[in-house]
Amino acid sequence: MYRLLIDKLEEDLEVLKTEVNDVLTYSEKGMRISKKYLSKIRKLVINNGFKNEEDECYFFKKVKPHAVSKLIYYVKLFNIESRRPRSSRKSQKQFLQAEIDKLQNYFNENLEFYHYYRRGSTNLDQHFFLRRKANLRLHPDTIHFVTDAEFSTSHDGSVATIMAYDLLIVYLQKQVEELKYKQKFKNSETKKKIPKVSWTRNKVDLIELIYALHTTRAINSGNASINEIADLFERVFQIELGDYYRTYLELRSRKTNQLKFLDHLKTSLAQRIYEADA
């Protein structure tokens, strides 16, 4: 039964990859999906328990960490991408490399258990992956085994973190490589002169327009991410948009007139057409 839920979790996350281009929206939805299945798995454990200690060990070493690692991955991904600088490629590469170093530091700080897990060792599994047998002296990195003793052991969280950080490092390294490729391509291509234009309304209006273009799939048939569209507008208008996702959240929280700029565009164009036809 646990395996079926894990398989369904993987299926839903694979579908999500094909449906969402924006990384922040993607990570938010990934969090919700992961939490939903983790809650279902927890209910099964609380209600049904395990046949024996061997099954319990297997669950907390292999099954639960798989689900929790997804949640950790999406939480960290959202955190990293929401803080990612919107400036030069060099700044982005430096930021991403610093994040990779932080993740790798976790492995170094927990080297003994990291090697135990990587080697596939089992001699301490009864201490690491059985409930109520946690040894505080073994330095667990989570308090969940105290606050949620029915669904936690001292080290299932450590396994989940290792799995999640492995995925994050691969993702971040790929992002760094893409930035290097874009820089190389930019340096080699012939530069065409772009007219100097500037955005003379406020940044909130531009961000509103960017999200509208992304939502309507008006650019690249919907295959352009929010990041790519924002980057394009920043370059064209020589403007720093800053944390545009936070601005989008503020737009959503408006009590009235959420789409003020888009309404203004529509009204202004309609007035122009009316005056031209008059």
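The values are calculated or read from the model by the stated rules, or taken from the named source; none is laboratory data. This one's a predicted model, so the numbers in the text were calculated from it and none came from an experiment. Glycine gets a Cβ as well: all are built from the backbone with ideal geometry, and neighbour counts include every protein chain shown.
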Would you be able to tell me the number of residues in region 119-157 that are exposed (fewer than 13 other Cβ atoms within 10 Å of the Cβ), at pLDDT below 90 and in a helix (DSSP H, G or I)? 6
Residue check, GLN258 against (1) within 26 Å of SER198 (Cα to Cα); (2) out of contact with any helix residue (DSSP H, G or I) (no Cβ under 7 Å at 6 or more places or on another chain), all met but one. Which one? (2)
Which residues, taken from region 228-278, are in contact (Cβ under 8 Å) with a residue 60 or more places away in the chain and part of a loop (DSSP other than H, G, I, E, B)? GLU240, LEU241, GLY242, ASP243
Taking LYS40 as meeting all but one of (1) farther than 25 Å from ASP231 by Cα; (2) of a type in the set (Lys, Arg); (3) under 18 Å from the mean Cα position of the chain (by Cα), write down the number of the exception. (3)
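Per-residue answers, yes or no, for (1) under 22 Å from PHE128 (Cα atoms); (2) surrounded by 17 or more Cβ atoms within 10 Å (Cβ to Cβ); (3) touching a strand residue (DSSP E or B) at 6+ places or on another chain (Cβ under 9 Å):
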site: LYS61; (1), (2), (3): yes, yes, no
site: SER69; (1), (2), (3): yes, yes, no
site: LEU77; (1), (2), (3): no, yes, no
site: PRO85; (1), (2), (3): no, no, no
site: LEU96; (1), (2), (3): no, yes, no
site: ILE100; (1), (2), (3): no, yes, no
Could you figure out which of (1) touching a residue at least 24 places away in the same chain (Cβ under 8 Å); (2) more than 28 Å from HIS155 (Cβ to Cβ); (3) among the hydrophobic types (A, V, I, L, M, F, W, C); (4) surrounded by fewer than 16 Cβ atoms within 10 Å (Cβ to Cβ) isn't true of LEU44? (2)
